[in-house]
1. I need every pair where a residue in the stretch 1-22 that is closer than 11 Å to His62 by Cα and touching a residue at least 60 places away in the same chain (Cβ under 8 Å) has its Cβ under 6 Å from the Cβ of a residue that is not small (Gly, Ala, Ser) and not in a helix (DSSP H, G or I), sequence separation at least 6 or different chains.
2. Would you mind finding the one in Ile129, Ile153, Ile163 that is touching a residue at least 40 places away in the same chain (Cβ under 8 Å), over 12 Å from the mean Cα position of the chain (by Cα) and not assigned by TED's automatic domain parsing to the domain that holds Ser61?
3. Any idea which residue in the stretch 84-113 is modelled with the highest pLDDT, counting only those that are within 28 Å of Pro48 (Cα to Cα) and surrounded by 12 or more Cβ atoms within 10 Å (Cβ to Cβ)?
4. Working carefully through the options Ala51, Ala43, Ala68, find the one that is surrounded by fewer than 12 Cβ atoms within 10 Å (Cβ to Cβ), in contact with a strand residue (DSSP E or B) (Cβ under 9 Å, 6 or more places away or on another chain) and within 22 Å of Lys122 (Cα to Cα).
5. When you scan the stretch 14-45, how many residues do you find that are closer than 19 Å to Met1 by Cβ and of a type in the set (Gly, Ala, Ser)?
6. Based on what the data block shows, is Arg111 part of a strand (DSSP E or B) and of a type in the set (Lys, Arg)?
7. Only one of Gln11, Gln75 is of a type outside the set (Lys, Arg) and within 30 Å of Asn176 (Cβ to Cβ); which?
8. In the list Glu81, Glu37, which residue meets the criterion of being surrounded by fewer than 17 Cβ atoms within 10 Å (Cβ to Cβ) and under 23 Å from Ala9 (Cα atoms)?
Amino acid sequence: MAIKYSLEAVQHSEQHSLAHSLLKDMLKGFYNIDYTEEMTKKAEQGKPYLADYPDVYFNISHSEGITACMVEKSQCGIDCEKVREYRPNVMKRAFSAKEREMIENAPENERDLLFFTVWTLKEAYIKAIGKGLSYPMNEAEFFIEDGNIISNIKDYEFRRYIIEGGKFVMATAVKNNS
């Protein structure tokens, strides 16, 4: 798995360009592909792909203060977020009852990071499968136990990255090819 991220403080309007710059560097470095945005096509539900390179998968993400990209040999998704105060109303719509219970029962100083960890795992997964927010997010469950990710999704490998001492969180989802 190849991941690259930037903590450059760029304007929101510049984050898309920064993400594609990261992608360009990674595709050149790993596959010797001279990437331009014009090379990307969109699948039926909007997921971008490289039509001329069907065995190369990528995904990008950006949030306030962080931009991330991943390149892989199978379906993949990445999401990154700045950790801020969690939103209970979002949790009610997108999280399962067990996930909500896990977060609500966590020590108060860990809830925000735990919320955004679960959120980024869900986002990485739905981006990997190419469904976007039309996927019922509460059906993909994620739990953190002793630092390990436990999920009801069995054909993907998930990872999380805590960045800058918990200021940012990033998660990846990669389809198992076995």
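1. Hits for this filter: Ser6/Thr67; Leu7/Ile66.
2. None of the others qualify; the one that does is Ile163.
3. The selected residue is Phe95.
4. After applying the criteria, what remains is Ala43.
5. 2
6. The answer is no for Arg111.
7. It is Gln75.
8. Going through Glu81, Glu37 in turn, the sole match is Glu37.
The values are calculated or read from the model by the stated rules, or taken from the named source; none is laboratory data. The structure presented is a predicted model; accordingly, all values stated were derived computationally and were not measured. Virtual Cβ from ideal backbone geometry, glycine too; neighbours counted across all protein chains shown.
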